[in-house]
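First the structure, in the form of structure tokens, and then the observations on it.
The values are calculated or read from the model by the stated rules, or taken from the named source; none is laboratory data. Quantities reported herein were computed from a predicted structural model and do not represent experimental measurements. Reconstructed Cβ throughout: ideal geometry from the backbone, glycine too, with neighbour counts over all protein chains shown.
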Amino acid sequence: MKSVFVTGGSGFVGRNLIKKLTSENIEVFALSRSPESDQRIIEAGATPVRGDIHNTDVLRTALAGIDTVFHLAAAVDFWKSRKHLWHDHVGGAKVLLEAATKNNVSNFVYLSAASVIMNGKPILHGDERTQSNNLMDGYSQTKLEAEQMILKANSPTLRTISVRPPLIWGKGDTSALPQIKAAAEKGDLSFINGGTHLIVTCHVQNVCHALTLAAKVKIGGEAFFITDGEKLQFRQFITDVLKTQNMEAPNKTVSLGVARAMANVFAFIWNTFGLKSTPPLFPGMVNTLGLPFIVSDDKAKKLLGYRPIISVKEGLVEMSHNELV
């Protein structure tokens, strides 16, 4: 890699990826939609390119001379419907792919999500062969559609590859964990079935490490799960994260059955009355936070040479006494 283009560069993963790439003396350009995004991208070490992922002219100009595209941009929202998310996730990926093809870009690395196999049931031995016929949220549905389209576009001239992390976390997180922190501060955080179920996670540094490995290998048309390499009890992980912020986890718990019933009621009310806000509980949240979810990253270890570069313990130490946002 010599010159790369990043979408989602002002986000949590994007800023960390830019720092990693520039530390390796790689020239980085990143798509930006606002002055605020420009500033975050510049501070991370990249050159902002003002535009939108749906703007064909901007992308075709921006990708001239680029050898690798990292497509990270996404609306991480497990409440919004497929209809609401399709335009950005699938439509945006299509425009970016076409621009990459027109500019003879060599590598197209997609940041997918482990939730593309979630089916409302416990997953204890998931891998890349695991498929779901019952994706219950628009986010996972559209991320999978985009991934399938991108991998299908793999060719001798444009190598495409996808990385599937589970819960991404770490210092500077601006997504899931700050929401958990806010819920804990309000006293609204309850664990489903006591939160004793096992999950896997992926620290942002491990995500960026995997993305750069994916950009360098010769393999194309494949998806790879990546993790921190540790099975964690959900409640203990959340407790440990909150502890780094000098906060205690609540003792409140609710059964899976009650959580699902409440989620369905809230979803019905919000959909019936067309409420614009996000309900306090909904089916996608229950599936994401309330069920065992274990996937193997053996394929990434074997074919990408992936190994975690930071442990969960090290990541927690790094977060200690530092604000998440």
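Table: residues versus (1) of a type outside the set (D, E, K, R); (2) surrounded by 16 or more Cβ atoms within 10 Å (Cβ to Cβ).
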| site | (1), (2) |
| --- | --- |
| Asn251 | yes, no |
| Phe266 | yes, yes |
| Trp270 | yes, yes |
| Leu275 | yes, no |
| Val286 | yes, yes |
| Leu291 | yes, yes |
| Ile294 | yes, yes |
| Arg307 | no, no |
#### Entry: Residue check for Glu43: under 15 Å from Ile66 (Cα atoms) and out of contact with any helix residue (DSSP H, G or I) (no Cβ under 7 Å at 6 or more places or on another chain)
no
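Any idea which of Ala146, Ala153, Ala113, Ala93 is under 19 Å from Lys299 (Cβ atoms), small (Gly, Ala, Ser) and in contact (Cβ under 8 Å) with a residue 24 or more places away in the chain?
Among Ala146, Ala153, Ala113, Ala93, only Ala113 is under 19 Å from Lys299 (Cβ atoms), small (Gly, Ala, Ser) and in contact (Cβ under 8 Å) with a residue 24 or more places away in the chain.
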Those residues of the stretch 64-95 that are over 23 Å from the mean Cα position of the chain (by Cα) and buried (at least 20 other Cβ atoms within 10 Å of the Cβ) come to a total of 1
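Per-residue answers, yes or no, for (1) under 30 Å from Lys2 (Cβ atoms); (2) among the basic types (Lys, Arg); (3) more than 19 Å from the chain's Cα centre (by Cα):
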| site | (1), (2), (3) |
| --- | --- |
| Glu98 | yes, no, yes |
| Val109 | yes, no, no |
| Ser112 | yes, no, no |
| Asp127 | no, no, no |
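Within the bounds of the stretch 113-127, is there any residue that is part of a helix (DSSP H, G or I) and farther than 21 Å from Cys202 by Cα? Please lay out each step first, then the result.
Taking the stretch 113-127 as the starting set, the residues that turn out to be part of a helix (DSSP H, G or I) are 114-117.
If we keep only those that are farther than 21 Å from Cys202 by Cα too, we end up with none.
Scanning the stretch 113-127 turns up no residue that is part of a helix (DSSP H, G or I) and farther than 21 Å from Cys202 by Cα.
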Counted residues in the stretch 184-231 being within 26 Å of Ala263 (Cβ to Cβ), surrounded by 18 or more Cβ atoms within 10 Å (Cβ to Cβ) and out of contact with any strand residue (DSSP E or B) (no Cβ under 8 Å at 6 or more places or on another chain) come to 2
Given (1) over 27 Å from Cys202 (Cα atoms); (2) surrounded by 24 or more Cβ atoms within 10 Å (Cβ to Cβ), Thr56 misses just (2)
So for the stretch 155-167 (the condition being closer than 23 Å to Leu316 by Cα, among the small types (Gly, Ala, Ser), crowded, with 19+ Cβ neighbours inside 10 Å and in contact with a strand residue (DSSP E or B) (Cβ under 9 Å, 6 or more places away or on another chain)), does at least one residue qualify?
no
All conditions in (1) under 28 Å from Gly138 (Cα atoms); (2) without any contact (Cβ under 8 Å) to a residue 60 or more places away in the chain are true of Ala46 except (1)
When restricted to Ser132, Ser162, Ser175, Ser190, the only residue free of Cβ contacts under 8 Å to residues at least 24 places away in the same chain and of a type in the set (Gly, Ala, Ser) is Ser132
Conditions (1) surrounded by 18 or more Cβ atoms within 10 Å (Cβ to Cβ); (2) not in a loop (DSSP other than H, G, I, E, B) -> Leu281 fails only (2)
Counting only residues in the stretch 100-152 that are of a type in the set (S, T, N, Q) and closer than 20 Å to Leu213 by Cβ, the one surrounded by the most Cβ atoms within 10 Å (Cβ to Cβ) is identified as Ser112
Checked the stretch 278-325 for anything over 18 Å from Ala114 (Cα atoms), at pLDDT 90 or above and small (Gly, Ala, Ser); matches are Gly305, Ser311, Gly315
Within the stretch 112-153, of all residues that are closer than 21 Å to Ile192 by Cβ and aliphatic (A, V, I, L, M), the one modelled with the lowest pLDDT is Met136
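Being farther than 28 Å from Glu318 by Cα and polar (S, T, N, Q) is the requirement here; does Gln148 meet it? Outline the logic, then answer.
Numbers: farther than 28 Å from Glu318 by Cα: yes; polar (S, T, N, Q): yes.
The answer is yes for Gln148.
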